[in-house]
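The values are calculated or read from the model by the stated rules, or taken from the named source; none is laboratory data. Because the structure is predicted, anything quoted here is derived from the model rather than measured. Ideal geometry is used to build each Cβ from the backbone, glycine not excepted, and the neighbour counts take in all protein chains shown. Only protein heavy atoms, including side chains, enter the accessible area calculation; ligands, DNA and RNA are left aside. Shrake-Rupley method; radii C 1.70, N 1.55, O 1.52, S 1.80 Å.
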Amino acid sequence: MGVAMDGMMVHVRQEGWKELKLGAVFDIEVRLGRDERTREPVPMAHAVHNSYVAHLGGSEVFGEMLFGEARRRGWEQAQDTQVVADGAVWIWNQADLHFGRSHQLVDWYHAKQHLANAAKLFKGDGTPAYTLWFNRCETALFQGHAERIAKELEDAADQLPKVAEDLHREAGYFREHQQRMNYLEMREEEYVIGSGMVEGGAKQYQARLCGPGMRWSRPHVEKLIPIRTAILSGRFLDVWQKVYNSPPA
């Protein structure tokens, strides 16, 4: 099994844009897919049977909610588990707190975005040198050599003072998360390496909560979020039945 975490912004009246923290719990199923690097059919892990939690507030409450959903799904009986997400600090704090024994992995596509940004800073956007450096480092990153990339960017920062601060920031990203960037090993051990399951969920929340001109009062959006969550998790009838049959408060 696995969990993934992400965040999106919702406009709350009198408060402005606030982060809605999202989590997905999923089973891992291995089936044939096409390797994006070799284009060959290979066994690949896929996230299936996704269910969601969402919280418009602090990460501590969200972490408890996500762990509760994982336990409901049978997390403690799963033989192998993983956490996949981007590089946000609050995410990995909650991962350590609630899912400390799970394999941790930074989403492959977020890591590639940081690599592309580093290549623009280092070699110039759209240049042949950009393409050569990015392709070489993409292979190295997939093979688990994030520390090597961080060192190269730190050395480049010493030679390029105009972009030194940005290069150090990107180097820090790879150095900080190097233990969460063993993509080849995780692929071979049949774990997912992307967080599309929670990002796809975020788009479904956005479609309902972030349409043109939408502004929510906090009480109203907090009532709608659990309904949206139940629908996306395929549990609306179950949740509605419990609410409908509940005794008066």
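If we scan the range 44-57, do we find a residue that is open to solvent by 20 Å² or more (accessible area, probe 1.4 Å), out of contact with any Gly (no Cβ under 9 Å at 6 or more places or on another chain) and under 17 Å from residue 5 (Cβ atoms)? Within the range 44-57, one or more residues are open to solvent by 20 Å² or more (accessible area, probe 1.4 Å), out of contact with any Gly (no Cβ under 9 Å at 6 or more places or on another chain) and under 17 Å from residue 5 (Cβ atoms).
Tallying residues that are part of a helix (DSSP H, G or I), charged (D, E, K, R) and touching a residue at least 24 places away in the same chain (Cβ under 8 Å) within the range 64-81 yields 2. Inclusion of residue 138 among residues that are open to solvent by 50 Å² or more (accessible area, probe 1.4 Å) and assigned to a helix (DSSP H, G or I) is not warranted. Among the residues making up the range 215-233, those that are over 15 Å from residue 57 (Cα atoms) and either open to solvent by 70 Å² or more (accessible area, probe 1.4 Å) or acidic (Asp, Glu) (or both) are 215, 227, 231. Taking only pairs six or more apart or across chains, which ones have beta-carbon atoms under 9 Å, a first residue in the range 182-209 that is over 12 Å from residue 26 (Cβ atoms), and a second residue that is among the basic types (Lys, Arg)? Sorted first by the residue in the range 182-209, then by its partner, the pairs are 193/187; 204/228; 205/228; 208/228; 209/228. What do you reckon, is residue 97 surrounded by 16 or more Cβ atoms within 10 Å (Cβ to Cβ), within 24 Å of residue 2 (Cα to Cα) and modelled with pLDDT of 95 or more? Answer is no for this residue. Among residues of the range 214-234 that are within 16 Å of residue 66 (Cα to Cα), those with a beta-carbon under 7 Å from a residue that is outside any strand (DSSP E or B) at least six positions away or on a different chain give the pairs 225/56; 228/205; 228/208; 230/236; 230/239; 232/201; 232/204. Determine, yes or no, whether residue 13 is touching a Pro at 6+ places or on another chain (Cβ under 7 Å) and open to solvent by 50 Å² or more (accessible area, probe 1.4 Å). Answer is no for this residue.
Taking residues in the range 1-21 that are in contact (Cβ under 8 Å) with a residue 60 or more places away in the chain and more than 14 Å from residue 199 (Cα to Cα), and partners anywhere that are open to solvent by less than 60 Å² (accessible area, probe 1.4 Å) and basic (Lys, Arg), the pairs with Cβ atoms closer than 9 Å and at least 6 places apart or on different chains are 1/73.
Would you confirm, using the coordinates I've provided, whether residue 31 is at pLDDT 95 or above, outside any loop (DSSP other than H, G, I, E, B), more than 16 Å from the chain's Cα centre (by Cα) and of a type in the set (D, E, K, R)? Taking the combined requirement at face value, the residue does not satisfy it.
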